[in-house]
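Enquirer: Quick one: this structure, given as structure tokens, is what I'll be asking you about.
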Amino acid sequence: MDEIVRIDGLHKSFGNLDVLKGIGMSVKAGETVVLLGSSGSGKSTLLRCVNFMEVPTQGQVFLHGDLVGSETNGKMSYRESELCSLRTRIGMVFQHFNLFPHMTVEQNVMEGQITVLKRTRTEARSKALAQLERVGLGDKAQEYPARLSGGQKQRVAIARALAMDPDVMLFDEVTSALDPELVGEVLKTMRQLADEGMTMLVVTHELGFAYHVANRVLFLDGGVILEEGEPQHILKNPKTTRMREFLDGHSLFKLPD
């Protein structure tokens, strides 16, 4: 499989706080890679470094084998125009939906296409409706966000990201702000995307999703990747005490026999 994203020696510091301490990983085309770890382990920071919402302190990010930025005397530099272009190829969905309340669902999904990709309104509307159908919300196109449930809002946010035709989708704790009964509909949409071959990098505490959907699981602790492997192996047979403690803390999670 083609390698979509590769990260080499990634560090990220905020002042004296070292959050990421030399991350190396890759995501291949069609893979779903899940990042697990306790709060503060660096998962969300890593995700934000992939699309340069946070600029790495050190290290390199490659997209389709091409280095993002340029290196001079061991120091990376980035042009804002390059990063803007890169972000159109990397879709990101956040914990909070960030929908425009004064726009309909359809308009929310159209906006980025028109302003960033310069699509015509006709093109953008056609793409928006197709992606809303894809996430099961074709009948909500003319509704406003205030009339939607949290799960529906999150699926609109997913449709909005998909409408930009990204090479890879990043999901950052997208179910953590939802009521428990709404989590399933969002995870179902994400599983459908995985089944369709969408390349995804997912930060989540939903271990059932990781077990059943992920191709690989990476466990982060203290800013490093402590364990990595296929979910059926790593979640049943963790090698480190730290990961065993993490899994023990999810007592409601029952692995299938």
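The values are calculated or read from the model by the stated rules, or taken from the named source; none is laboratory data. Keep in mind it's a predicted model, so treat the numbers as computed, not measured. Here the Cβ positions follow ideal geometry from the backbone for every residue, glycine too, while neighbour counts run over all protein chains shown. For accessibility, only protein heavy atoms count, side chains too; no ligands or nucleic acids. Shrake-Rupley method; radii C 1.70, N 1.55, O 1.52, S 1.80 Å.
Enquirer: May I ask you to rank Met110, Met164 by accessible area, largest first, using a 1.4 Å probe over the protein chains only? Present the calculation step by step, with values, prior to reporting the outcome.
Expert: On the way: Met110 5, Met164 40 Å².
Descending order: Met164, Met110.
Enquirer: Can you work out ³J(HN,Hα) from phi for every residue in the stretch 226-240, in order, using Karplus 6.51 cos²θ - 1.76 cosθ + 1.60 and θ = phi - 60°, giving whole Hz and x for Gly and Pro?
Expert: Once θ is set to phi - 60°, the couplings for the stretch 226-240 become 7, 9, 8, x, 5, x, 5, 9, 5, 7, 9, 9, x, 8, 9 Hz.
Enquirer: Could you tell me whether the stretch 1-106 comes out rounded, prolate or oblate from its Cα gyration tensor? Rule is a ≥ b ≥ c as square roots of the eigenvalues, rounded for a/c under 1.5, then prolate if a/b exceeds b/c, otherwise oblate.
Expert: Numbers: a/c = 1.44, a/b = 1.31, b/c = 1.10.
It comes out rounded by the Cα gyration axes.
Enquirer: Starting from the 7 Å offset along Cα-to-Cβ, what nm value, one decimal, do you get for the label separation of Thr115 and Gln142?
Expert: 2.5 nm
Enquirer: Would you work out the relative contact order for the stretch 101-199, in percent, from Cα pairs under 8 angstrom that are 6 or more residues apart?
Expert: Working: 96 pairs, mean separation 29.8, N = 99.
Relative contact order, the stretch 101-199: 30 percent.
Enquirer: When the convex hull of the Cα atoms of the chain is projected onto a plane and the area is averaged over all directions, what value comes out in nm²? Mind dumping the intermediate values first?
Expert: Numbers: hull surface 59.1 nm².
Answer in nm², one decimal: 14.8.
Enquirer: Of Lys28/Lys188; Lys12/Lys75; Lys21/Lys188, which pairs sit farther than 25 Å apart, going by alpha carbon to alpha carbon?
Expert: On the way: Lys28/Lys188 22 Å; Lys12/Lys75 14 Å; Lys21/Lys188 33 Å.
Violating the 25 Å limit, Cα to Cα: Lys21/Lys188.
Enquirer: Now for a separate question. Over the chain, what is the mean sequence separation of C-alpha contacts under 8 Å (at least six apart), divided by residue count, expressed as relative contact order in percent?
Expert: Numbers: 464 pairs, mean separation 65.7, N = 257.
That works out to 26 percent.
Enquirer: What is the distance in Å between the Cα centres of the stretch 93-151 and the stretch 6-42?
Expert: Answer, in whole Å: 30.
Enquirer: Sticking with this structure for a sec: Mind checking which of Val217, Ile23, Gln113 is farthest towards the positive end of the chain's charge dipole, using Cβ charges of +1 (Lys, Arg) and -1 (Asp, Glu) about the Cα centre?
Expert: With unit charges placed on the Cβ atoms, the residue in question is Gln113.
Enquirer: Sticking with this one: At a 1.4 Å probe, what is the % contribution of carbon and sulfur to the accessible area of the stretch 49-164?
Expert: Numbers: 2840 of 5780 Å².
Percent of accessible area from carbon and sulfur atoms in the stretch 49-164: 49.
Enquirer: Note down the net charge around His64, summing +1 for each Lys or Arg and -1 for each Asp or Glu among other residues with Cβ under 13 Å from its Cβ.
Expert: Numbers: positive: Arg6, Lys28, Arg89; negative: Asp2, Glu3, Asp66, Asp167.
Summing Lys and Arg as +1 and Asp and Glu as -1 gives -1.
Enquirer: Still on this structure, please answer the following. Taking the full set of protein chains and a 1.4 angstrom probe, give the accessible area of Thr120 in square angstrom, rounded to the nearest 10.
Expert: Spelled out: Thr120, probe radius 1.4 Å, area about 70 Å².
Enquirer: For the stretch 27-37, take each phi angle, set θ = phi - 60°, evaluate the Karplus expression 6.51 cos²θ - 1.76 cosθ + 1.60, and give the result in whole Hz per residue in order, putting x for glycine and proline.
Expert: Going residue by residue, I get 10, 8, 4, x, 7, 10, 10, 9, 9, 10, x Hz, with x marking Gly and Pro.
Enquirer: Need one word for the stretch 86-136: rounded, prolate or oblate. Basis is the Cα gyration tensor (sqrt eigenvalues a ≥ b ≥ c); a/c below 1.5 gives rounded, then a/b vs b/c decides.
Expert: Values: a/c = 1.34, a/b = 1.10, b/c = 1.23.
Rounded shape, in that the Cα axes give a/c under 1.5.
Enquirer: What length, rounded to one decimal in nm, is gained on full extension from Glu245 through to Glu123, with 0.36 nm per residue of separation minus their alpha-carbon distance? Can you show the working numbers first?
Expert: On the way: separation 122, 0.36 × 122 = 43.92 nm, distance 5.01 nm.
Gain on extension, Glu245 to Glu123, equals 38.9 nm.
Enquirer: Using r as the Cβ-Cβ distance of Gln232 and His64, and R0 as 35 Å, what FRET efficiency do you calculate, to the nearest 0.05? All intermediate terms of the calculation are to be shown ahead of the outcome.
Expert: On the way: r = 29 Å, r/R0 = 0.83.
So the FRET efficiency works out to roughly 0.75.
Enquirer: Identify which of Pro56, Pro101, Pro238 has the largest mean-square fluctuation in a Gaussian network model of the chain, with springs joining Cα atoms closer than 10 Å.
Expert: It is Pro101.
Enquirer: Read phi for every residue in the stretch 86-102 and hand back ³J(HN,Hα) as whole Hz from Karplus 6.51 cos²θ - 1.76 cosθ + 1.60, θ = phi - 60°, with x for Gly and Pro.
Expert: Couplings: 4, 5, 6, 9, 10, x, 9, 10, 9, 4, 9, 6, 6, 7, 6, x, 8 Hz.
Enquirer: Could you tell me which of the pairs Lys153/Lys239; Lys43/Lys118; Lys43/Lys153 are separated by over 31 angstrom between their Cα atoms in the structure shown? Walk me through the intermediate numbers first.
Expert: Numbers: Lys153/Lys239 38 Å; Lys43/Lys118 33 Å; Lys43/Lys153 23 Å.
In this structure, Lys153/Lys239; Lys43/Lys118 exceed 31 Å between Cα atoms.
Enquirer: How much accessible surface area, in Å² rounded to 10, belongs to the heavy atoms of Phe97 with a 1.4 Å probe?
Expert: 40 Å²
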